[in-house]
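What follows is a single structure, written as structure tokens, with notes after it.
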Amino acid sequence: MLYDVRFRCNHVHTMALTGQAEDRARKIAWYSQMICPECRAHFSALHPDSMPAFRAFTVPARSM
Ligand SMILES: [Zn+2]
């Protein structure tokens, strides 16, 4: 089923949620704690240095 889910950044995205009513409610609650995929992509493009997981892959091995 498609649901209009409001994310932490206050954007609403239509998400396809499956499972029992209980599972869907849990996913909606989980999404409301997160920023939406669009904002996440935007943020990581603007601030690659603030993403520790990303930085770990960009440090050359020889600098260690
Ligand atoms: Zn957003």
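Derivation of every value follows stated rules applied to the coordinates shown; laboratory data play no part. From a predicted model like this one, the values you see are computed outputs, not experimental measurements. Here Cβ is always computed from backbone atoms with ideal geometry, including for glycine, and neighbour counts include all displayed protein chains.
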*Would you mind checking which residues have amide H under 5 Å from Met34's amide H? H placed 1.01 Å from N; only 5 or more apart, or other chain.*
Arg8
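First select every other residue whose beta carbon is under 15 angstrom from the beta carbon of Met34; then total the charges, Lys and Arg +1, Asp and Glu -1.
Net local charge, Met34 excluded: +4.
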*Net charge contributed by nearby residues that have their C-beta within less than 9 Å of Tyr3 (K/R +1, D/E -1)*: +1
*So how much slack lies between Asp4 and Arg24, counting 0.36 nm per residue of separation and subtracting their Cα-Cα distance, in nm?*
6.0 nm
*Using θ = phi - 60° and the Karplus form 6.51 cos²θ - 1.76 cosθ + 1.60, what ³J(HN,Hα) does each residue of region 17-25 get, whole Hz, x for Gly and Pro?*
10, 10, x, 5, 3, 5, 5, 5, 4
